[in-house]
Amino acid sequence: MTRSLRFPDGFLWGAATAAYQIEGSPLADGAGPSIWERFAHTPGLMADGDTGDIACDHYRRHAEDVRLMQALGLTSYRFSIAWSRVLPEGTGRVNAKGLDFYARLVDDLLEHGITPNVTLFHWDLPAALDDRGGWLNRDSADWFAEYAQVMFRALDDRVPLWTTLNEPWVVVDGGYLRGTIAPGHRNLYEAPRVTHNLLRASGAAVAAYRAEGRHRIGVVFNLEPKYPASTRQEDRDATRRAHAYMNTQFTDPVLRGVYPEALAALYGAAWPDFPAADLECIRQPVDFVGINYYTRQVVRDDPTQPPLRAAGVPQRQRTHTETGWEVYEQGLIDTLLWFRDRYGTVPVYLTENGAAFYDPPQAAGPVVEDPLRVDYLERHLKTLRRAIDAGVDVRGYYAWSLLDNLEWSLGFAKRFGLYHVDFSTQRRTPKRSALRYAQIIASHGAAL
Ligand SMILES: OC[C@@H]1[C@@H](O)[C@H](O)[C@@H](O)c2[nH]c(CCc3ccccc3)c[n+]21
């Protein structure tokens, strides 16, 4: 007898986006530039010279896009606030028109029965704050708490779910170590200091919320499970290093109040001596954690890649996405069970899950056929249901992404959307995966 795959009552069915990836009009109505405005307009850094100048034109087409959400039957929508629309200099003066855009979007969502899930920081730091040192400046925690308080006072009467940061690991690894995303630094000494200030900022915002918030606040981590390529001790040690660097570097301080010991050895002389009081701020209890899951990594020892000395081992026998990620849904339940066993019963939302696949050229019709994305969605939702059956307290699922959008420095070519976007006309077309997701939502999972 096939067990019903119905999801728990109240489970949220969502889709996720981020401001710089979809909005366009980055400087409209008094908005200040973000570091992404600068990065995207720096020649050579963005695939095909793509920028967020227009993107999905969501800043102007938001009403149409809310109707697309309603057409799928979404009960929640995760989106981020562009900090420098609201505070053009990052602190101080509030730009009322910027705030008003988000207030109108929230009201529209609520009118359509869609619960807003608001991310305060999805990588687009105000350029004016980067000029003051950005996340390298310890004052960044105060800047972020000030911005968060402006948003709480403006929208907490209508926004029931807040998250402070999206994926601090990506900001540290991409923005300060590899230089692949804004602000494009490549400096091992900067990385742990940015980790620390990002987590201090998140803690400061949570503390500010406790003073006046009425609902729930959390933080979003990308978690990628690491599996040793062999039983060799070197590979097992490399796997542990990779896990500490990408996963517990962030979850342990927030949920246990300590950094993993492996980091001191990994960063070596670059590892700072953090004041103990900082960890008390960082470990502010959160109401939930958002987990972004995409894929796993099989890890081998690689002495040629200091300081991590770990490398991924391609799993060529399995399907991969256009971003080179293995489709591995087992990693989702492995991650959720690990998370529950290590941190206990803190509620979880799967705040991102999705894939970029090459959608084959097809005659322009009412639906874009994307069989690989349909398969990816079904595999991961069935697995999510298994994790819930195993006792993991998962409260909702957000497909990444509602729309094809600007995949950061990879540009528009990597398409993650449930809706196809023709960027020359801004026409939105549902993919088969959107219709399949709508069917699953309508049955609350039973149609899986
Ligand atoms: O890459 C797809 C999405 C991005 O478009 C989202 O903005 C971002 O939140 C997000 N995070 C991840 C997983 C972490 C990751 C990001 C970039 C590169 C490698 C891993 C995948 N995604």
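The values are calculated or read from the model by the stated rules, or taken from the named source; none is laboratory data. Note that the coordinates shown come from a computational prediction; the quantities given were computed from them, not determined experimentally. All Cβ positions, even for glycine, are placed from backbone atoms using ideal geometry, and neighbour counts span all protein chains on display. Keep in mind that these areas ignore ligands, DNA and RNA; they rest on the heavy atoms of the full protein, side chains included. Shrake-Rupley method; radii C 1.70, N 1.55, O 1.52, S 1.80 Å.
When only C-alpha pairs under 8 Å and at least 6 residues apart count, what is the relative contact order of segment 50-133, in percent?
Working: 85 pairs, mean separation 31.4, N = 84.
Relative contact order, segment 50-133: 37 percent.
Go through 417-425, 78-86 and give me the packing order, highest mean Cβ count within 10 Å leading.
Working: 417-425: 18.3, 78-86: 27.6.
In decreasing order of mean packing, 417-425, 78-86 become 78-86, 417-425.
All other residues with a Cβ under 10 Å from the Cβ of Leu410 taken together, and with Lys, Arg as +1 and Asp, Glu as -1, what is their net charge? Working shown, then result.
Details: positive: Lys414; negative: Asp48, Asp50, Glu322, Glu407.
Overall, the nearby charge balance is -3.
Counting only Cα, what are the radius of gyration and maximum Cα-Cα distance Dmax of segment 1-73, in Å?
18.0, 60
Tell me which residues come under 5 Å, amide H to amide H, from Tyr227 once H is placed; ignore anything under 5 positions away on its chain.
Excluding prolines and chain starts, which carry no amide H, the hits are Gln297, Val298, Val299.
Rounded to the nearest 20 debye, what is the charge dipole size of the chain about its Cα centre when +1 sits on each Lys and Arg Cβ and -1 on each Asp and Glu Cβ? Before the final figure, lay out each step's value.
On the way: 49 positive and 55 negative charges, 202 e Å.
Approximately 980 debye in magnitude.
For segment 387-448, I need the span (max minus min coordinate) of the C-alpha atoms along each principal axis, in Å, sorted largest to smallest.
Cα spread of segment 387-448 along its principal axes, largest to smallest: 44, 25, 13 Å.
Can you tally the net charge around Pro33? Count Lys and Arg as +1, Asp and Glu as -1, for every other residue whose Cβ sits under 12 Å from the Cβ of Pro33.
Every neighbour counted, the sum reads -4.
Could you please state how large a percent of the accessible area of segment 244-327 is carbon and sulfur, counting protein chains only and using a 1.4 Å probe? Display every interim value, and only then the final one.
Working: 1850 of 3740 Å².
Exposed carbon and sulfur together represent 50 percent of the surface.
Checking the a/c ratio against 1.5 first, then a/b against b/c, what shape does the Cα gyration tensor give for segment 280-335?
Numbers: a/c = 3.06, a/b = 1.37, b/c = 2.22.
Here segment 280-335 falls in the oblate category.
With charges set only on the Cβ (+1 for Lys and Arg, -1 for Asp and Glu), what does the dipole of segment 347-418 come to about its Cα centre, in debye to the nearest 20?
On the way: 8 positive and 10 negative charges, 39 e Å.
Value, rounded to 20: 180 debye.
Could you work out the equivalent-ellipsoid semi-axes for the chain, taking the square root of 5 times each eigenvalue of the Cα gyration tensor, largest first, in whole Å? List each step's numbers first, then the result.
Numbers: eigenvalues 173, 154, 102 Å².
The answer is 29, 28, 23 Å, longest axis first.
Quick one: among Arg138, Arg395, Arg342, which has the greatest mean-square fluctuation in a GNM of the chain with alpha-carbon springs under 10 angstrom?
Maximum among the listed residues: Arg342.
Around Gly218, with a cut-off of 12 angstrom between Cβ atoms, what is the net charge of the other residues, counting Lys and Arg +1 and Asp and Glu -1? If you can, show how the numbers build up before the last one.
Numbers: positive: Arg78, Arg216, Arg395; negative: Asp287.
Net local charge, Gly218 excluded: +2.
Springs between alpha-carbon pairs under 10 angstrom, Gaussian network model over the chain: which of Glu234, Glu352, Glu326 fluctuates most?
Evaluated over the chain, the most mobile residue of the options is Glu234.
In Å², and per residue, what accessible area does segment 96-159 have when probed at 1.4 Å with the other protein chains present? List each step's numbers first, then the result.
Numbers: 2170 Å² over 64 residues.
Per residue, segment 96-159 has 34 Å² of solvent-accessible surface.
Using θ = phi - 60° and the Karplus curve 6.51 cos²θ - 1.76 cosθ + 1.60, what whole-Hz ³J(HN,Hα) does each residue of segment 125-135 get, with Gly and Pro shown as x?
5, x, 4, 4, 7, 5, 5, 9, x, x, 6
For the peptides 17-24, 429-436, 314-321, what is the packing order when you average, over each peptide's residues, the other Cβ atoms within 10 Å and list the highest mean first? Write down the numbers at each step before the final one.
On the way: 17-24: 25.9, 429-436: 21.0, 314-321: 12.6.
Averaged packing, sorted descending, gives the order 17-24, 429-436, 314-321.
Averaged per residue, what accessible area in Å² does segment 191-261 show with a 1.4 Å probe, protein chains only? Numbers along the way, then the final one.
Working: 2450 Å² over 71 residues.
I get 35 Å² per residue for this part.
With a 1.4 Å probe and every protein chain left in place, work out the accessible area per residue of segment 361-448 in Å², rounded to a whole number. Provide the component values of the computation, followed by the final result.
Numbers: 3200 Å² over 88 residues.
Result: 36 Å² of accessible area for each residue.
Express the Stokes-Einstein translational diffusion coefficient of segment 1-141 in µm² s⁻¹, to the nearest whole number, given a Kirkwood radius over alpha-carbon pairs, 20 °C and a viscosity of 1.002 mPa s.
It comes out at roughly 130 µm²/s.
In percent, what relative contact order does the chain have, based on Cα pairs under 8 Å that are 6 or more apart in sequence?
18 percent
Once you compute Rg and the Kirkwood Rh from C-alpha atoms, what is the Rg to Rh ratio for segment 231-299?
On the way: Rg = 14.0 Å, Rh = 13.7 Å.
Here Rg/Rh amounts to 1.02.
Over segment 315-448, what portion of Cα pair distances is larger than 17 Å, expressed as a whole percent?
Details: 5458 of 8911 pairs.
So the pairs more than 17 Å apart make up 61 percent of the total in segment 315-448.
Based on alpha-carbon positions alone, could you give the equivalent ellipsoid semi-axes of segment 152-297 from the gyration tensor, as √(5λ), descending, whole Å?
Values: eigenvalues 161, 58, 45 Å².
Ellipsoid half-lengths, sorted descending, are 28, 17, 15 Å.
Please work out the Cα convex hull volume for segment 68-132 and give it in Å³ per residue.
Numbers: hull volume 5.2 nm³, N = 65.
It comes to 79 Å³ per residue, whole-number rounded.
Report, by chain and number, residues whose modeled amide H sits under 5 Å from the one on Gly396, excluding near sequence neighbours (fewer than 5 apart, same chain).
For Gly396, the qualifying residues are Leu12, Leu350.
Quick check on segment 111-164: take the gyration tensor over C-alpha atoms, sort the square-rooted eigenvalues as a ≥ b ≥ c, and tell me if it's rounded (a/c under 1.5), prolate or oblate. Kindly include the intermediate steps, with their values, before the conclusion.
Details: a/c = 3.22, a/b = 2.36, b/c = 1.36.
It is prolate, given that a/c is not under 1.5 and a/b is the larger ratio.
When the convex hull of the Cα atoms of segment 189-253 is projected onto a plane and the area is averaged over all directions, what value comes out in nm²?
Numbers: hull surface 22.5 nm².
The number I arrive at for segment 189-253 is 5.6 nm².
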